[in-house]
Amino acid sequence: MNILKEFYHTLIHSFKNLIPIIAVVVFFQLAILKSIPDDVVSMSIGIVIVAVGVALFLQGLELSIFPLGKSLANQFARKGSLWLLISFGFAIGFSAVIAEPALIAIAEQAEVISDGKVNALSLRLLVAISVGFVISLGVFRTIMGYPLHWFMIIGYISVVLVTYFSPLEIVGLAYDSGGVTTNIVTVPLIAAIGIGLASSIKGRNPIIDGFGLVALAVMVPMITVQLYGIYVYSFKEATVIVNTVTTSTESHSAWLTMFIDLLTMMRDVMPIILTVLFFQYLVLKRGCLTLCMYPLVFSSL
């Protein structure tokens, strides 16, 4: 009953957040374009679906990702193993990014446009490994109490220096690769882990030490992808990619399309779920977070 009540308040909040967007669209449609779209009913239904989807997503975050990240961080902190914490941070960072749809799309486009110089799978693995490394680095920073600003200053100086030597063809791709790491599941999960870890260690302030992991996760892939670009554009021969476009007269129904999208979303969160289950049951040997898996799936929808 409490969950339904919370969902109701979240749904109202979602509608309130959509009001400015709706107001802008209506103003330009009526005052500037002076016309009414033909599909007003379907657009209105779509707005309702968006509001419900946002509410489900926010509710999923509250029920699963935030408590999940904090709980795992607390448990690992109590276990007292630095290398176990670092390994967990790497695994979470890697699994949260490797199946990210935006990264997959960018990697595939980069392979086609570069005529095979940039390998899509290599790019995805490189970005995922970079995020895993930076989460491990962030965990280490939180445990040791090192100031965040030094990591940021050194990191962005490195970004600028590497950009100076990088081929022009790779700079934009590198910056976009850093941006797509901040997806709808990664950001809440990483933030929750940082806050939970800072809250569990004596002498750490969750406000000061709990944030900053997301910024690091954006920065490091920019460096590694540019280094990869220096290599492929200097030493690697191009492999011509033939981009064939096939057309089909077969039209899928809306329900089939929604089902395919649902399976795709399930695939995207599966690496995170497997990582959590591995550390929860095989490393920590605890089973208290089983019910969190269900809202974790729904939070990705």
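Derivation of every value follows stated rules applied to the coordinates shown; laboratory data play no part. Fair warning: this is a prediction, and the values are worked out from it, not measured in the lab. Backbone-built Cβ (ideal geometry, glycine too); neighbour counts: all protein chains shown.
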Which number do you get for Rg(Cα) / (2.2 N^0.38 Å) in segment 106-241?
1.16
Expressed in nm², what is the orientationally averaged projection area of the convex hull enclosing the Cα positions of segment 109-156?
4.1 nm²
Once fully extended, how much extra length lies between Glu6 and Leu274, figured as 0.36 nm per residue of separation less the alpha-carbon to alpha-carbon distance?
93.6 nm
Cα centroid of segment 1-36 to Cα centroid of segment 126-205, whole Å:
34 Å
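Suppose R0 equals 22 Å; then what is the FRET efficiency for Asp39 and Leu256 from their Cβ-Cβ distance, rounded to the nearest 0.05?
On the way: r = 22 Å, r/R0 = 0.98.
It comes to 0.55.
Report the extension gain between Ile22 and Ser234 in nm, rounded to one decimal, defined as 0.36 nm multiplied by the number of residues separating them, less their alpha carbon distance. Working shown, then result.
Working: separation 212, 0.36 × 212 = 76.32 nm, distance 4.94 nm.
Computed gain between Ile22 and Ser234 is 71.4 nm.
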Two decimals is fine: what is log10 I(q)/I(0) at q = 0.10, 0.16, 0.22 Å⁻¹ for segment 11-150, from a Debye sum with one equal scatterer on every Cα and no solvent?
-0.64, -0.99, -1.18
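Determine, for Asp38, Asp176, Asp115, Asp209, the number of other Cβ atoms within 10 Å of each Cβ, and report the residues in order from fewest to most. Intermediate values should be presented prior to the final figure.
Details: Asp38 8, Asp176 17, Asp115 11, Asp209 23.
Arranged by neighbour count, lowest to highest, Asp38, Asp176, Asp115, Asp209 become Asp38, Asp115, Asp176, Asp209.
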Rounding to the nearest 20 debye, state how big the charge dipole of segment 65-184 is about its Cα centre with +1 on each Lys and Arg Cβ and -1 on each Asp and Glu Cβ.
700 debye
Output the peptides 200-206, 122-128 sorted from most to least packed, where packing is the average of other Cβ atoms within 10 Å over each peptide's residues.
122-128, 200-206
